[in-house]
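*Asks:* Structure in structure tokens, see below.
Each reported figure results from applying straightforward, stated rules to the coordinates on display, with no laboratory input. What you see is a predicted model; the values in this text were computed from it and never measured.
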Amino acid sequence: MGTRIGLYGGTFDPIHHGHLISARALAEQLQLTRVILIPSAQPPHKPDVAHTPIADRIAMVRAAVEGDALFEVSTIEAERDGPSFTFDTVTAFREWLGDEAELFWFIGGDSLPELKTWHRVRELVERVTIVTAARPGWKLPSEADLTEAVGPRAARRLLDHCIATPKIGISATQIRSRCAEGRSIRYLAPEAVVEYVTSHALYRSRR
Ligand code: ATP
């Protein structure tokens, strides 16, 4: 088997155990050698949202996976101006790693119905295998909807790569709300992330 690499992009504001548990489960099921976490500097689908500075989000992702050989952190999207399009990121990884590497792009189930709005999605699905992790409350989009978005062959590939992962009902929104309400976020994210949030006084006020 050649090199099989998972690419996991997200706002990670902050990274939490939902991300990490589903990433590890996907890595195990797909027999990946590594998973590269890619914090999105300007998530194209959240244009009006004020995010925590990308440097803080990268620091939290690094702290979350420190010492875990499965994970690496990429700053590629922080180094690019403009919206952080997955297509551009995947194209860059393809160039670095060559055609031999098998690349898998992880998304949560809630992102699959939105795929049709992604930049250059028809080319994207040819360059990378999109793998969808099940998430609480998630409903599988119909094959007809996916076919409309990416064509019949790619739609079937998307459906074939929907993978059941442990359902962890944690979201970054919930973590930010709890912080704003002065409630504890212990156990929702790795301890190092909780410490970072506390010491940098993040999420103290509602957005
Ligand atoms: P927010 O609540 O701010 O929208 P989020 O918790 O959904 O954030 P993101 O950084 O936006 O986190 O998500 C990155 C990717 O991780 C998305 O594809 C999302 O679907 C997925 N994801 C987020 N939380 C979970 C979870 N608990 N289980 C599985 N996947 C998740």
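*Asks:* Give, in nm to one decimal, the length gained when the segment between Thr91 and Tyr187 is fully stretched (0.36 nm per residue of separation minus the Cα-Cα distance).
*Replies:* Once the chain is fully extended between Thr91 and Tyr187, it gains 31.0 nm.
*Asks:* Expressed in nm to one decimal, what extension gain is obtained for the pair Thr75 and Glu123 from 0.36 nm per residue of sequence separation less their Cα-Cα distance?
*Replies:* Here the segment from Thr75 to Glu123 would lengthen by 15.0 nm.
*Asks:* Give the percent of DSSP beta bridges with both residues in the stretch 72-207 that are antiparallel, rounded to the nearest 5.
*Replies:* Approximately 0 percent, going by the DSSP bridge assignments.
*Asks:* So which DSSP H runs in the chain come out at 27 Å plus along the axis (Cα) with average Kyte-Doolittle of at least -0.5?
*Replies:* Span-like helices, by this rule, are absent here.
*Asks:* For a quick check, take a GNM of the chain with Cα springs below 10 Å and name the residue from Trp105, Trp138, Trp96 with the largest mean-square fluctuation.
*Replies:* Trp96
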